[in-house]
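K.L.:
Starting off with a structure, shown below.
The values are calculated or read from the model by the stated rules, or taken from the named source; none is laboratory data. Given the structure is predicted, the values throughout are model-derived calculations rather than measurements. Cβ: placed from backbone, ideal geometry, glycine included. Neighbour counts: every protein chain shown. Ligands, DNA and RNA are excluded from the accessible area calculation, which covers all protein heavy atoms including side chains. Shrake-Rupley method; radii C 1.70, N 1.55, O 1.52, S 1.80 Å.
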Amino acid sequence: MYVAVKGGERAIENAHRLLAHERRGDRGVAEISLAQIAEQLALGVDRVMTEGSLYDRELAALAIKQARGDLIEAIFLVRAFRATLPRLGATEPVDTGTMQVRRRISSTFKDIPGGQVLGPTFDYTHRLLDPQLAEGGAPEVPATAAPLMPMPRVTDILGRDGLIESSPPMDADTPVGDLTREPLGFPADRDLRLQNLARADEGFLLALGYSTQRGYGRSHPFAGEIRFGEVEIEFVAEDAGFAVPLGAIAMTECQMVNQFKGSATEAPCFTRGYGLAFGQSERKTMSMALVDRSLRARELAEDIAAPAQDEEFVMSHSDNVQATGFVEHLKLPHYVDFQSELGLLRKLRAEFFEAAGAEPMQEAAE
């Protein structure tokens, strides 16, 4: 519908060929492989899988390669591919308490059962460029240990003393919402909100999470626990009649401990925010947990006064694929629309100058 001029289709075909040429880059440089992307750009792959809602490292790596490193375009590609796949069923709820932990920290207690496990992290680096990486070579072999499991959750420690609200009880008879199949509606329950936040743009959530700590949302957070590791996925097979393991996937979970609440009939206790994502996605899950807590304002009877507390604002603008479509469609031809606006503006200006008894301004010569 946008091929509005003669020769437009040929120009688009040429643009596609030029894109493929630019994607490949200098032919004298070895082509990057999917394995290299998956292994050495792992955090980008994790983000594409999370926001693309598809756990497949090879496909995410392919999308990143095809998108020339543009992660939002890669997420779009994964989402589009995902839409072509059949839906065979739903797995059992993931039990992160059985996670084979590779990294697990808490900012609320120094000494926790199982200990602090720093794992692979940028947190303690100096953020200085490393010239040695330009030269290549193998890094030193790190000290390793078997994945640790199971580890009690830090929030469970608080829960034993009643110092934090209980996790909402799960009703097995209530179906879980699915934003990929049903249109978004408001008010939205927490299952839909969390699903939306998991698919949401990381930068958008980061900005909102930051805003909650600067007074634009009822949030005084502590990182109760952040854990990263492998979790086993199970699926109930109809023939077998019981849950069978499908394999393990890497996930990051974050539980934020937030300011307390109470009432005339309920003792004060901490509240919580929650985040869960594929791979090692700590910034995403922390931001998700902060925004999740702010979006609970309605159920906690808090005043809704900040953007991060407004579920319609957050959920309607968080998806980077939708946001990209609305912004980037402005690059496509709008000749007819603009000529209509231009004609209307000229008519209004003529009426204005006529009413004012003034000569209209002369248009600049082309």
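K.L.:
Which FRET efficiency value, to the nearest 0.05, is calculated for Glu232 and Leu330 with the Förster distance at 51 angstrom and r the Cβ-Cβ distance?
P.N.:
It comes out at approximately 0.65.
K.L.:
Can you give the FRET efficiency for Ala35 and Glu266, using 1/(1 + (r/R0)^6), R0 = 41 Å, r = Cβ-Cβ distance, to the nearest 0.05?
P.N.:
According to the calculation, E is roughly 0.15.
K.L.:
Straight distance only, please: which lysines reach the Cα of Lys284 with their own Cα at less than 30 Å, same-chain residues fewer than 8 apart left out?
P.N.:
The qualifying lysines are Lys65, Lys110, Lys261, Lys331.
K.L.:
Another question, if that's okay. Give, in nm to one decimal, the length gained when the segment between Leu19 and His220 is fully stretched (0.36 nm per residue of separation minus the Cα-Cα distance).
P.N.:
Stretched fully, the Leu19-His220 segment lengthens by 67.7 nm.
K.L.:
Then there is this: Under a crude label model (7 Å from the Cα following the beta-carbon direction), how far is Ile249 from Phe338 in nanometres?
P.N.:
Between Ile249 and Phe338, the simple spin-label model gives 4.4 nm.
K.L.:
Packing-wise, with mean Cβ within 10 Å as the measure, how do 77-84, 52-59 rank, highest first?
P.N.:
Answer by packing, highest mean first, reads 52-59, 77-84.
K.L.:
Leu85: net charge of surrounding residues, Cβ under 12 Å, Lys/Arg +1, Asp/Glu -1, itself excluded?
P.N.:
+2
K.L.:
What percentage of the solvent-accessible surface of segment 114-197, computed with a 1.4 Å probe over protein heavy atoms, is contributed by carbon and sulfur atoms?
P.N.:
Summing carbon and sulfur atoms, their accessible area is 59 percent of the total for segment 114-197.
K.L.:
Shifting gears a bit: To the nearest 10 degrees, how steep is helix 335-356 against the longest Cα principal axis of the chain, on a 0 to 90 scale?
P.N.:
Tilt of helix 335-356: around 60 degrees.
K.L.:
How do the peptides 179-186, 208-215, 127-134 rank, highest first, by the average count of neighbouring beta carbon atoms within 10 Å per residue?
P.N.:
Listed from highest to lowest mean packing, they are 208-215, 179-186, 127-134.
K.L.:
Another one. Extending each Cα 7 Å along its Cβ direction at Arg127 and Glu312, get the distance between those two points in nm, one decimal.
P.N.:
So the label points at Arg127 and Glu312 sit 3.8 nm apart.
K.L.:
Another question, then. Can you tell me the dipole magnitude for the chain around its Cα centre, using point charges on the Cβ only (Lys, Arg +1; Asp, Glu -1), in Debye to the nearest 20?
P.N.:
In total the dipole reaches around 620 debye.
K.L.:
Going 7 Å from the Cα of Ala11 along its beta-carbon direction, which residues of segment 305-349 have the amide nitrogen within less than 18 Å of the resulting point?
P.N.:
What the label zone holds, given the 18 Å backbone N cut-off, is 329-339.
K.L.:
Quick one: which of 102-110, 118-126 comes out on top by average Cβ neighbours within 10 Å, and what's the full order, highest first?
P.N.:
For the peptides 102-110, 118-126, the packing ranking is 102-110, 118-126.
K.L.:
Further, regarding this structure: Charges only on Cβ, +1 for Lys and Arg, -1 for Asp and Glu: so what's the dipole of segment 279-366 about the Cα centre, in debye to the nearest 20?
P.N.:
280 debye
K.L.:
On a 1.4 Å probe surface of the protein chains, which of Asp173, Asp191 comes out largest in accessible area, and what is the full order?
P.N.:
Asp173, Asp191
K.L.:
Here's another thing I want to ask about it. In the neighborhood of Pro187, defined by Cβ-to-Cβ distances under 13 Å, what is the net charge if each Lys or Arg adds +1 and each Asp or Glu adds -1?
P.N.:
-2
K.L.:
How much length is gained if the chain between Arg87 and Ala143 is pulled fully straight, taking 0.36 nm per residue apart and subtracting their Cα-Cα distance, in nm to one decimal?
P.N.:
16.0 nm
K.L.:
Suppose all protein chains stay in the model; what accessible area per residue would a 1.4 Å probe give for segment 169-283, in Å²?
P.N.:
About 54 Å² of surface per residue is accessible.
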